[in-house]
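Here's the structure we're looking at; comments come further down.
The values are calculated or read from the model by the stated rules, or taken from the named source; none is laboratory data. Everything numeric in this text was worked out from a predicted model, so none of it was measured. All Cβ positions, glycine included, derive from the backbone under ideal geometry; neighbour counts span all protein chains shown. Only protein heavy atoms, including side chains, enter the accessible area calculation; ligands, DNA and RNA are left aside. Shrake-Rupley method; radii C 1.70, N 1.55, O 1.52, S 1.80 Å.
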Amino acid sequence: MKEHYDLVVIGGGPAGTPVAMEVAKLDPNKSIALIDSLGELGGECLFQGCIPSKILEASAKHIQELQNLSDFGIELQEKHYALVWEKIKQRKREILQRRTKAAKDVAEGIGNIEIIKAQASFCSKNTIEIVLEDNTSLEITFDKAVIATGSKAYIPTYKGDGVSEIITNVEFFANMELPKDLSIIGGGAIAIEFAQILAAFGVEINLFIRDDMILKNIDTKASDIILKKLEENPKINLLFETSIEAINRQNDQLEITYIQNGVKKRLLSTKILSAAGRVANISHLNLEKAGVEYVKKGIVVTKALQTTNKNIFANGDVVANFPKFAHTAQYASHLLAQNIFLEHNFFKPDFSKNSWVLFSMPNIASAGLSAEEAKKQNLDVIVDSFSFNVEAKSQIEEEDYGYVEYVVERSSKKILGITIVHEEANAIAGEAALIVAKQMNLRELIDTIHPHPTLSEAFVMLAKQMMGKIMLQKLQNPFMQSLLRLERLI
Ligand SMILES: Cc1cc2nc3c(=O)[nH]c(=O)nc-3n(C[C@H](O)[C@H](O)[C@H](O)COP(=O)(O)OP(=O)(O)OC[C@H]3O[C@@H](n4cnc5c(N)ncnc54)[C@H](O)[C@@H]3O)c2cc1C
């Protein structure tokens, strides 16, 4: 280990690792320290977030498919299956190990990155104290640093001796125990994913939702479909407008005392998982000593992700108001790596055309603006949707519900936003992201030949449907009729 590094990156997740790797590749002479308390690369995304949750989702989907086999002309002789939970745990372990090893091999292979397993905190504007596994501590200095320490699950404050028993995604994925029943606190993306996946494995779910709706940051038209799916699920009990007061131990169970509609109620639960929001991992960093300003939501940065200490940048979940996804952190990493070499004229990430997938069943995918966001911004847009029930691939797969929706700028016909609700929306989310990022218009989509039969044909069909309606309106105008003879109709 050196006493001084050109660049120190704190955090080996999607916001930190790619920055270290890109800088190392851009300048092989730079000395780089990548410090992570786990000593493994991948962060929460790999070990307790995106990847393990989707590994479980993959198994849950197979169970769902089994239940629908008769739709495809296949009758099971024995109407039951056995869940080999140990095998699922082993599969998760293997995928995680494969991915973290691959990342470490690449990082170490570059030659100028030192991966250090330690807890880091600042001592001054250019000094970091690192505490190694054996509790020895030492100080290193840096020219530039990147803080990418991520976020953790928020656990609300309740009364009672059972509060310490509340688990988060971290403990769930560390132990991978399937309880008989689970109470989940939260009505957002992580809570819904956990509820649907674990219900498919037979866990009885109680979902404690503070508001009168789920997924409140998502377009209501899309979230209503998920709500219906949750309501139809016999394993999921939705408890809206609930305010939890206390959690107490009751023999080997936990008693949740909550208020709903002004009435005090009680519910016994084997386990309780909090998915009630996220808090930035800043408390142990001694940011004051580094002159890095922060607020409750995380580190304050400029549009170029520079903190109030001009030699320190921050990226990912630890940043206040950052879109909390692995892919936004990875996208910003690329620009941040360039910024490390600059003193001004920094590159600035643009999250306005962000895309994301909620891996609920069915998925919701989104790119750019939703109809509700466009309305809030008073934009002059046309909104239309195309239902998957008339789309060939969806009919073949017996997943012929859901829709794709466009938000189109009226004057230019540019597609400003796409929402997709479909069992496999994740498969076409990338194309939606590209359409929005490149600001394609309806005609450009119609002119792009899409293979048949695939889900992505829905993009062309919706574009044709919208252009057809626009042309019809024009044709109904006598003045426009004469002009249109000179123009291609659709
Ligand atoms: C259940 C769940 C499912 C999710 N699913 C998705 C999904 O499908 N798609 C998606 O895009 N996002 C998903 N996310 C969000 C995604 O995991 C995060 O947005 C992403 O991990 C943020 O990356 P990061 O690098 O900022 O932080 P992290 O991934 O949290 O990495 C931070 C790293 O910093 C280390 N660290 C922290 N403090 C210190 C310190 N003081 N010293 C040294 N090291 C430190 C930690 O050990 C960790 O390795 C999910 C999250 C959860 C919880």
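Checking Leu207 against (1) over 26 Å from Leu56 (Cα atoms); (2) buried (at least 17 other Cβ atoms within 10 Å of the Cβ); (3) in contact with a helix residue (DSSP H, G or I) (Cβ under 9 Å, 6 or more places away or on another chain), which test does it fail? Condition (1) is where Leu207 drops out.
In the set Val106, Val146, only one residue is open to solvent by 70 Å² or more (accessible area, probe 1.4 Å) and touching a helix residue (DSSP H, G or I) at 6+ places or on another chain (Cβ under 8 Å); that residue is Val106.
Applying the criterion of at least 2 residues that are of a type outside the set (S, T, N, Q), without any contact (Cβ under 8 Å) to a residue 24 or more places away in the chain and on the phi < 0 side of the Ramachandran plot to the strands (runs of 3 or more DSSP E) found wholly in the stretch 70-179 leaves 127-132. Here the condition is being modelled with pLDDT of 95 or more, within 30 Å of Phe347 (Cα to Cα), within 14 Å of the ligand (Cβ to nearest atom) and open to solvent by 50 Å² or more (accessible area, probe 1.4 Å); of Lys310, Lys324, Lys303, it holds for Lys324 alone. Is it the case that some residue within the stretch 227-248 is within 16 Å of the ligand (Cβ to nearest atom) and modelled with pLDDT of 95 or more? Among the residues of the stretch 227-248, not one is within 16 Å of the ligand (Cβ to nearest atom) and modelled with pLDDT of 95 or more, which makes the answer no.
Please work out which residue is surrounded by the fewest Cβ atoms within 10 Å (Cβ to Cβ), limiting yourself to the stretch 327-361 and to residues that are within 27 Å of Leu227 (Cβ to Cβ) and not hydrophobic (A, V, I, L, M, F, W, C). Filtering the stretch 327-361 for residues that are within 27 Å of Leu227 (Cβ to Cβ) and not hydrophobic (A, V, I, L, M, F, W, C), the one surrounded by the fewest Cβ atoms within 10 Å (Cβ to Cβ) comes out as His327. Any idea which of (1) under 30 Å from Glu373 (Cβ atoms); (2) open to solvent by 30 Å² or more (accessible area, probe 1.4 Å); (3) within 13 Å of the ligand (Cβ to nearest atom) is the one Ala174 doesn't satisfy? Every listed condition holds for Ala174 apart from (1). Lys216 satisfies every condition listed in (1) of a type outside the set (Asp, Glu); (2) surrounded by fewer than 17 Cβ atoms within 10 Å (Cβ to Cβ); (3) out of contact with any His (no Cβ under 6 Å at 6 or more places or on another chain); (4) outside any loop (DSSP other than H, G, I, E, B) except (4). Note on the stretch 28-41: among residues that are more than 7 Å from the ligand (Cβ to nearest atom) and within 22 Å of the chain's Cα centre (by Cα), the one that is most open to solvent (accessible area, probe 1.4 Å) is Glu40.
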